[in-house]
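Written below as structure tokens is the structure these notes are about.
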Amino acid sequence: MNPLFPLAVVVPLLTAAALLVLRVPLQGKRQVRGLVAVAAAVAVAVMLLFLTFRTTSGSVYWFAGFRPSGGVAIGIDFEADPLNAGLACLGAVLMTASMIFAWRYFTQVGTYFHVLMLTFLAGMTGFCLAGDVFDLFVWFELMGVSAYALTAYRPEERGPIQGALNFAITNSVGAYLSLTGIGI
Amino acid sequence: MQVFPFLVVAWIVAVGLYGLITSRDLIHQIVCLIVVQSSTYVLLLAVGYVTGGVAPYFFDISPHAKAVDPVVQALALTDVVVEAAVTALLLSFAIQAHKRFGTLDPHALAELKG
């Protein structure tokens, strides 16, 4: 059992939770928040890079030890081969790059920005590593919810709100139709 | 397998999409999105239904008793949770739109014109 599988999702989620809990002491310390968030994204990228090169094709991680027995699989799994781990790694690298870009781009940035970026990263990683279509849908929605919130990051302007509503409704309809496909 | 539940699913999707497209109010539009999603509950339960099956709680019945498929029920439950999150987020967007621009009409809100 390779502990890197759950860590690649747990690290950004825990960092996001910690940033949210510590938002009052970190009120004016924007550099610290940015540094912590970028460090978490880099850590995920390194873990996924390691998974990409060191896993043999088709290595599987079963959560909570629910291993399949007798051809019946009840449980949630992550699978990694060079393609999907590499794709997740690309996502983590792009997320790091966009956080570094946002460091100067936004003149002022709230705690919520970093939290949303990290949950988005966790969603992307889980989406790439998910081992069955059911979990694929769940991770897709997790990723989607963070993405809708990030789209409407500047709610005082007209464009972001309208864009977020359009994006959320269109994307949700698409997700429900793909869920219909999974069901059938 | 019966055809009727699938016809109901198709009808709910059609009604929800029609409302979504023709709506002139954001709250109404979000409710229509929930209607589209509720079609997936009907579909999932219809897919997993076994004629004469009981609820899949193997506590006081025999483990070999005929029961409906619990996996799709878990999927439907996950679907409900996802819907709650998405709906809460969309309603907060609608509140922001009303607070900032004083309108809930998606056409009046439109700034980005293609």
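The values are calculated or read from the model by the stated rules, or taken from the named source; none is laboratory data. Predicted model, so just to flag it, every value in this text is computed and none were measured. Reconstructed Cβ throughout: ideal geometry from the backbone, glycine too, with neighbour counts over all protein chains shown.
General remarks:
- Hits in the range A:167-178 (condition: within 18 Å of B:V15 (Cα to Cα), touching a residue at least 12 places away in the same chain (Cβ under 8 Å) and facing chain B (nearest Cβ under 8 Å)): A:S172
- Output for the range B:73-95, where each listed residue is among the hydrophobic types (A, V, I, L, M, F, W, C) and more than 7 Å from chain A (Cβ to nearest Cβ): B:A74, B:A76, B:L77, B:V80, B:V81, B:A84, B:A88, B:L91, B:A94, B:I95
- Screening A:A164 on (1) buried (at least 21 other Cβ atoms within 10 Å of the Cβ); (2) at the interface with chain B (Cβ under 10 Å from one of its Cβ atoms); (3) within 24 Å of B:S92 (Cα to Cα); (4) touching a residue at least 24 places away in the same chain (Cβ under 8 Å) shows it passes everything except condition (4).
- Flag for B:L77 being under 13 Å from the mean Cα position of the chain (by Cα) and surrounded by 15 or more Cβ atoms within 10 Å (Cβ to Cβ): no
- Evaluation of B:T103 against (1) surrounded by fewer than 19 Cβ atoms within 10 Å (Cβ to Cβ); (2) within 12 Å of another protein chain (Cβ to nearest Cβ); (3) not in a loop (DSSP other than H, G, I, E, B) (one fails), failing number: (3)
- Residues within the range A:107-124 that are over 22 Å from A:V21 (Cβ atoms) and either surrounded by 13 or more Cβ atoms within 10 Å (Cβ to Cβ) or in contact (Cβ under 8 Å) with a residue 60 or more places away in the chain (or both), tallied: 1
- Applying the criterion of being within 30 Å of B:H64 (Cβ to Cβ) and surrounded by fewer than 22 Cβ atoms within 10 Å (Cβ to Cβ) to the residues of the range B:32-50, the residue that is farthest from the other protein chains (Cβ to nearest Cβ) is B:V50.
- Boolean, B:A55 is touching a strand residue (DSSP E or B) at 6+ places or on another chain (Cβ under 8 Å) and small (G, A, S): yes
- Among residues of the range B:2-31 that are surrounded by 12 or more Cβ atoms within 10 Å (Cβ to Cβ), those with a Cβ under 8 angstrom from a residue that is outside any helix (DSSP H, G or I), sequence gap 6+ or separate chain, pair up as B:P5/B:Y49; B:D25/B:L104; B:D25/B:D105; B:L26/B:L104; B:L26/B:D105; B:I27/B:L104; B:Q29/B:S23.
- Qualifying residue in the range A:134-151 (condition: at the interface with chain B (Cβ under 8 Å from one of its Cβ atoms), free of Cβ contacts under 8 Å to residues at least 40 places away in the same chain and among the small types (G, A, S)): yes
- Residue match in the range B:7-19 (condition: outside any helix (DSSP H, G or I), more than 12 Å from chain A (Cβ to nearest Cβ) and not basic (K, R)): no
- Just one of the listed residues (A:F66, A:F78, A:F53) is at pLDDT 75 or above, surrounded by fewer than 14 Cβ atoms within 10 Å (Cβ to Cβ) and aromatic (F, W, Y), and it is A:F53.
- In the condition set (1) over 30 Å from B:D69 (Cβ atoms); (2) modelled with pLDDT of 85 or more; (3) surrounded by 21 or more Cβ atoms within 10 Å (Cβ to Cβ), A:L90 is compliant with all but (3).
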